[in-house]
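Below you will find the structure I want to go over with you.
The values are calculated or read from the model by the stated rules, or taken from the named source; none is laboratory data. A quick note: this is a predicted structure, and the numbers were derived from the prediction, not measured. Note that we place each Cβ from the backbone using ideal geometry, even for glycine, and neighbour counts take in every protein chain shown.
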Amino acid sequence: MRKLIKPLVFVVALVPLVLVLVKVLQNDLGPDPAQELAKITGEWSIRFLLIALALTPLRLLFNQVEFVRHRRMLGLFALFYATVHFLVWMTFLLEFRWGAIYEELLERPFITVGFSAYMILVVLGITSPKIMVRKLGRNWKRLHRLVYVASILAVIHLLWILRTDVGEAVLYGGLVALLLGYRALHKFRISNSMRA
């Protein structure tokens, strides 16, 4: 049964992509398809980031190792949807004008914040294989704590884009705060128990 969980998680994680492709094929992306496509893919990236971040607190709460077995794969799916989001931006909004990236980064702070979050996810994705874990040793864990920074930057990026209709971004921000707060509290409790 355990062997079936991994492929099942993989297939379920691809469902949002299939739904997006159906919307594209049905021409059901509203009056501004490029913006809608960028919004959907960006939000799915944040959602997978939140799911990956939630797995450690769930393991701690329920004392079940099973929760973290697929954390790496779900983190890579966050990178996957962030890459689709980036490609949508490059294809439809910048029309592959690579030089324009620098202008956008300098002139639009919300792009700078979003791109910074994406670059962190790229680095974490590159260093996620087991061989990199062995090569980096203790530094691997330190490096992968940058996922907390990426999640905060991703929420700020979304808040900045939505501006007025910020309900969803506030929800994501609240969840990030809750997950990071739980981690900090758990670490504080462990350090206190070690002193006692």
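From the list W44, W98, pick out the single residue that is among the aromatic types (F, W, Y) and out of contact with any helix residue (DSSP H, G or I) (no Cβ under 6 Å at 6 or more places or on another chain). If you could, list the steps in order and put the result at the bottom.
On the way: W44 fails: out of contact with any helix residue (DSSP H, G or I) (no Cβ under 6 Å at 6 or more places or on another chain).
Testing whether each residue is among the aromatic types (F, W, Y) and out of contact with any helix residue (DSSP H, G or I) (no Cβ under 6 Å at 6 or more places or on another chain) leaves just W98.
I'm told F48 meets every condition in (1) more than 9 Å from the chain's Cα centre (by Cα); (2) under 25 Å from L4 (Cβ atoms); (3) without any contact (Cβ under 8 Å) to a residue 40 or more places away in the chain except one. Can you identify the failing condition by its number?
Unmet condition: (1).
Residue-by-condition table, conditions (1) loosely packed, with under 15 Cβ neighbours inside 10 Å; (2) part of a helix (DSSP H, G or I); (3) in contact with a Phe, Trp or Tyr (Cβ under 6 Å, 6 or more places away or on another chain); (4) of a type in the set (S, T, Y):
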residue: R47; (1), (2), (3), (4): no, yes, no, no
residue: P57; (1), (2), (3), (4): no, yes, yes, no
residue: G75; (1), (2), (3), (4): no, yes, no, no
residue: F80; (1), (2), (3), (4): no, yes, no, no
residue: L87; (1), (2), (3), (4): yes, yes, no, no
residue: R97; (1), (2), (3), (4): yes, no, no, no
residue: E103; (1), (2), (3), (4): yes, yes, no, no
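Kindly establish whether R183 is farther than 27 Å from I101 by Cα, out of contact with any helix residue (DSSP H, G or I) (no Cβ under 6 Å at 6 or more places or on another chain) and modelled with pLDDT under 90. If you could, list the steps in order and put the result at the bottom.
Values: farther than 27 Å from I101 by Cα: yes; out of contact with any helix residue (DSSP H, G or I) (no Cβ under 6 Å at 6 or more places or on another chain): yes; modelled with pLDDT under 90: yes.
Here the answer is yes, as R183 does meet what is asked.
Does V170 qualify as being touching a helix residue (DSSP H, G or I) at 6+ places or on another chain (Cβ under 6 Å), without any contact (Cβ under 8 Å) to a residue 12 or more places away in the chain and farther than 16 Å from A117 by Cβ? Write out each step before concluding.
Details: touching a helix residue (DSSP H, G or I) at 6+ places or on another chain (Cβ under 6 Å): no; without any contact (Cβ under 8 Å) to a residue 12 or more places away in the chain: yes; farther than 16 Å from A117 by Cβ: yes.
When the stated conditions are applied, V170 does not pass them.
Table: residues versus (1) under 20 Å from V123 (Cα atoms); (2) at pLDDT 90 or above; (3) of a type in the set (D, E, K, R); (4) touching a helix residue (DSSP H, G or I) at 6+ places or on another chain (Cβ under 6 Å).
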position	(1), (2), (3), (4)
L29	no, no, no, yes
L37	no, yes, no, yes
L49	yes, yes, no, yes
F67	no, no, no, yes
L79	yes, yes, no, yes
L87	yes, yes, no, no
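Table: residues versus (1) part of a helix (DSSP H, G or I); (2) exposed (fewer than 14 other Cβ atoms within 10 Å of the Cβ); (3) of a type in the set (V, I, T); (4) out of contact with any Gly (no Cβ under 9 Å at 6 or more places or on another chain).
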position	(1), (2), (3), (4)
I120	yes, no, yes, yes
G125	yes, no, no, no
S128	no, no, no, no
K135	yes, yes, no, yes
I152	yes, no, yes, no
E168	yes, no, no, yes
Y172	yes, no, no, yes
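What residue, among those in the stretch 2-45 that are in a helix (DSSP H, G or I) and among the acidic types (D, E), is nearest to the chain's Cα centre (by Cα)?
First pass over the stretch 2-45, keeping only residues in a helix (DSSP H, G or I): 2-25, 33-45.
This time we only want the ones that are among the acidic types (D, E), so: 36, 43.
Numbers: E36: 18, E43: 9 Å.
Of everything passing the filter in the stretch 2-45, E43 is nearest to the chain's Cα centre (by Cα).
Also, quick follow-up: Select, from H70, H85, the only residue that is in contact with a Leu (Cβ under 9 Å, 6 or more places away or on another chain) and under 30 Å from Y102 (Cα atoms).
Details: H70 fails: under 30 Å from Y102 (Cα atoms).
After ruling out the rest, the residue left standing is H85.
Sticking with this structure for a sec: Please specify each residue of the stretch 130-152 satisfying the condition of being aliphatic (A, V, I, L, M), in contact with a Leu (Cβ under 7 Å, 6 or more places away or on another chain) and without any contact (Cβ under 8 Å) to a residue 60 or more places away in the chain.
L136, L143, L146
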